[in-house]
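Below is one structure, written out as C-alpha cells, with a few remarks after it.
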Amino acid sequence: MDNQYSVVLTSCGRFDLLRQTVASFAAFADIPPRQFIVVEDSGDETVREVLAGINLPFEFVVNRKRLGQARAIDAGYARVKTPFVFHCQDDWAFFRGGFVGESFKVLRAHPQASAVMLRGRDEHRKFKKLPYETLDGVEYFRARPGMHWYYFGYGYNPGLRRIADYKRIAPVAAIGGEKEVSFVFLRLGFATAHLEVPAVRHLGYGRRALDRNPAEGNSPLQKKFRRWRARIKMAKWMLFGIPKRLRG
C-alpha cells in the first residue's frame, strides 16, 4: 500500500526550537517522507544552515514578506506532491517511533477522520472519557462531532492528514484561523483521531512565534477583537451554513 507522504512545517524565526523539532522527527519517523517542506515566515535565509546535516529531503519556502500562519500553510501545501501530508510547526519534540505507520492505519480506516494527532489524552479534559479503539495493534481514540461547537474538527498540531481533504476547503487563509478551519471540518462531518500512546510533546511554552497576523497587530485588544470576530463568523455559518465553496 502506498504510504507516500510529505511534511509541511511552518516556522517563524525560532531556529533553536526548529532544529530540535526536525532532528527529533528524523530520529523517530518510521516511514521517511518524500518531501520535507519548511515554510520560513521570518524571511531569514539562514534556516537552510540551521537544518544542515539532517538527512531529510528538504524544500525551503522563505517568505520575503511575512504572510502569517494561514497563508504560510497554503504556500507549503501548494508544493505537496503526495496524497498525504504530515503537518507540523517549529516547536515540537518527537520521542518514540512507529507513529507514522500507526497514523496511516487509523487514517485509512476512518474516511471522516480529518487528521491523526499525536498528543495524549491529558491534553484536553473532554478526551479522558472517550473510549479507545484498537486496529491492527494500534490503540487510538476519536473525537466526536458535537463535543464542542468548533474544536476537534481539525488542528495544526503535528499529525498525518489527506491532501484531498485540505484541497476541498483550500485556501485556508480565506477561511481564517485554526478555530474557523476546525469549525468548517466539523460542519463537513469530520473530526480528529488521536493515537492512544503519545508520540510528541510541546516545546514552545513561553516562546511564542512572531505575530501570525502581521497586518492586524498583536496587542491584547487586537487579539481579543480577532477572537470575537472569529466567533461571530462561525456563529453566522452555524445559522446560515458554511459558504458554498467549502461544501465540496
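Would you mind putting 46-58, 111-123 in packing order, based on average other-beta-carbon counts within 10 Å, highest first?
Final packing ranking: 111-123, 46-58.
Which of 143, 132, 42 sits farthest toward the positive end of the charge dipole of segment 5-247, with +1 on the Cβ of Lys and Arg and -1 on the Cβ of Asp and Glu?
Positive-end residue among those listed: 143.
Ranked highest first by the average count of other Cβ atoms within 10 Å around their residues, in what order do 7-18, 73-84 fall?
The densest-packed peptide leads the list: 7-18, 73-84.
Residues in segment 149-192 near a label at residue 127, defined as backbone nitrogen under 14 Å from the 7 Å Cα→Cβ point?
Under 14 Å, as judged by backbone N against the label point of residue 127, lie 152-160, 192 of segment 149-192.
No lab work stands behind these numbers, since they all come straight from the coordinates. As the structure is a prediction and not an experimental result, all values here were calculated from the model. Methodologically, a virtual Cβ is constructed for each residue, glycine included, from the backbone with ideal geometry; neighbour enumeration extends over all protein chains shown.
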